[in-house]
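To start, the structure under review is shown below, and the notes come after it.
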Amino acid sequence: MNWPRKDLIGIQDLSKEEIITILEMTTSFKEISKRDIKKVPTLRGKTVVLLFYEPSTRTRLSFEIAAKRLSADTTSLSASGSSFSKGETIMDAALNVMAMAPDCIVIRYPYAGIPQKLARELPCSIINAGDGYHEHPTQALLDMYSMQERFGTIEGLRVVIVGDIFHSRVARSNVYGLRKMGAHVSIVAPKTLLPPGIETWGVDIATDFDSVIPEADVIMMLRVQKERLNQQFFSDEREYSFFYGLNKHRVDMMNSDAAIMHPGPMNRGVEITHDAADSARSLILNQVENGVAVRMTLLYLSLGGSLHVD
Ligand code: CP
């Protein structure tokens, strides 16, 4: 049986069964990164192009490492080093990239909808590495994998997502995925950082962080996206940290088994302190490690791999 999808645009498109398949296969791919020789020939002869029109450390590097561990050829382009700065549109750039016959384009773009458009118009696989405020599906899959690895299941977990929900594609993708997988999701944010329509997301909403901490299995802190804060969403960073930051006092309020997550990059001292980020409860570097394995799985599936890993 082959994977039925050419593209991965968002978690909203995936069924629960598809998410389960991806998470199960990720364990097989994770094992490859523990070997002395971290490379298998699975995608030899395939070409993966990374088009990153926004900065990235984790997503870009882990896609590149994932592709290389599967023996695919990779090449990457960022907005600053491309003809984007000369006024070339993303569609023209993508058609030119397509003329060089890639098998997969991984794209990060500052506005929603571009990965869908490329998926409709190009014959190669398109993987969304984050589009505007819309979705960041591979981040949510690695987050869900990290929760499943830590707790054995996602079903019934109480996940609290805290911070800048308004601008967060990570929050949207996680809410879609976690709800499909049977988790209970609460959102904590100042009212100004809640997006319109959040009441339709099927989550609990709180403005008092302290009230939800003791019941949480996972507290996922989100970055305050300073580059997108072109209005006054809160008074200042000190006040934001006081009400919505995860610090030692709040870590001490967590239940004994609860975990801390953050997709990165972190603003240490704003949404999370050193005590919290570096505590024994933190899964933050596990998330990064699992990002490689999840992206190996997705490249493998998108590039025609069967649902059985040899
Ligand atoms: N989590 C995440 O998307 O990180 P990068 O922006 O570094 O890729």
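The values are calculated or read from the model by the stated rules, or taken from the named source; none is laboratory data. Everything numeric here is computed off the predicted structure, so don't read it as measured data. No Cβ is skipped: glycine too gets one built from the backbone with ideal geometry, and neighbour counts run over all protein chains shown.
Do you know which residues across the range 162-190 are within 24 Å of F63 (Cβ to Cβ) and of a type in the set (A, V, I, L, M)?
The answer is V170, A171, V175, L178, M181.
Need a quick list: strands (runs of 3 or more DSSP E) entirely within the range 174-263 having at least 1 residues that are basic (K, R), modelled with pLDDT of 95 or more and surrounded by 19 or more Cβ atoms within 10 Å (Cβ to Cβ).
none
R223 passes all but one of (1) in contact with a His (Cβ under 6 Å, 6 or more places away or on another chain); (2) not assigned by TED's automatic domain parsing to the domain that holds E54; which number fails?
Status for R223: all satisfied but (1).
Within the range 88-101, take every residue that is part of a loop (DSSP other than H, G, I, E, B) and among the small types (G, A, S) and give me the one that is nearest to T42 (Cα to Cα).
Ranking the qualifying residues of the range 88-101, first place goes to A101.
Take the range 44-65 and flag every residue that is within 11 Å of the ligand (Cβ to nearest atom) and part of a helix (DSSP H, G or I).
Selection gives R58, T59, R60, L61, S62, F63.
Within the range 23-43, restricting attention to residues that are among the aliphatic types (A, V, I, L, M) and surrounded by 15 or more Cβ atoms within 10 Å (Cβ to Cβ), which residue is farthest from the ligand (Cβ to nearest atom)?
V40
Of all residues in the range 11-43, which are part of a loop (DSSP other than H, G, I, E, B) and of a type in the set (S, T, Y)?
Hits for the range 11-43 are S15, S33, T42.
What strands (runs of 3 or more DSSP E) completely inside the range 102-173 contain at least 1 residues that are crowded, with 20+ Cβ neighbours inside 10 Å and within 13 Å of the ligand (Cβ to nearest atom)?
104-109, 125-131
Got a number for residues in the range 53-89 being among the small types (G, A, S), in contact with a Lys or Arg (Cβ under 9 Å, 6 or more places away or on another chain) and at negative phi?
Selection size over the range 53-89: 7.
Return a yes/no flag: does the range 74-87 have any residue that is within 16 Å of the ligand (Cβ to nearest atom) and part of a helix (DSSP H, G or I).
Yes, some residue in the range 74-87 is within 16 Å of the ligand (Cβ to nearest atom) and part of a helix (DSSP H, G or I).
For the list (1) farther than 19 Å from V251 by Cα; (2) within 22 Å of the chain's Cα centre (by Cα), I need the number of the one condition that A189 fails.
(1)
Report whether or not A93 is in the same structural domain as V292 (by TED's automatic domain parsing), within 15 Å of the ligand (Cβ to nearest atom) and of a type outside the set (D, E).
no
Would you confirm whether any residue within the range 200-223 is among the basic types (K, R) and more than 16 Å from the chain's Cα centre (by Cα)?
no
Please indicate, with yes or no, whether at least one residue in the range 195-212 is within 16 Å of the ligand (Cβ to nearest atom) and assigned by TED's automatic domain parsing to the domain that holds N267.
No.
Please identify the pairs in which a residue from the range 51-65 that is over 18 Å from A94 (Cα atoms) and of a type outside the set (D, E) has its Cβ atom under 6 Å from the Cβ atom of a residue that is within 7 Å of the ligand (Cβ to nearest atom) and part of a loop (DSSP other than H, G, I, E, B), counting only partners at least 6 apart or on another chain.
Cβ pairs passing all conditions: R58/G264.
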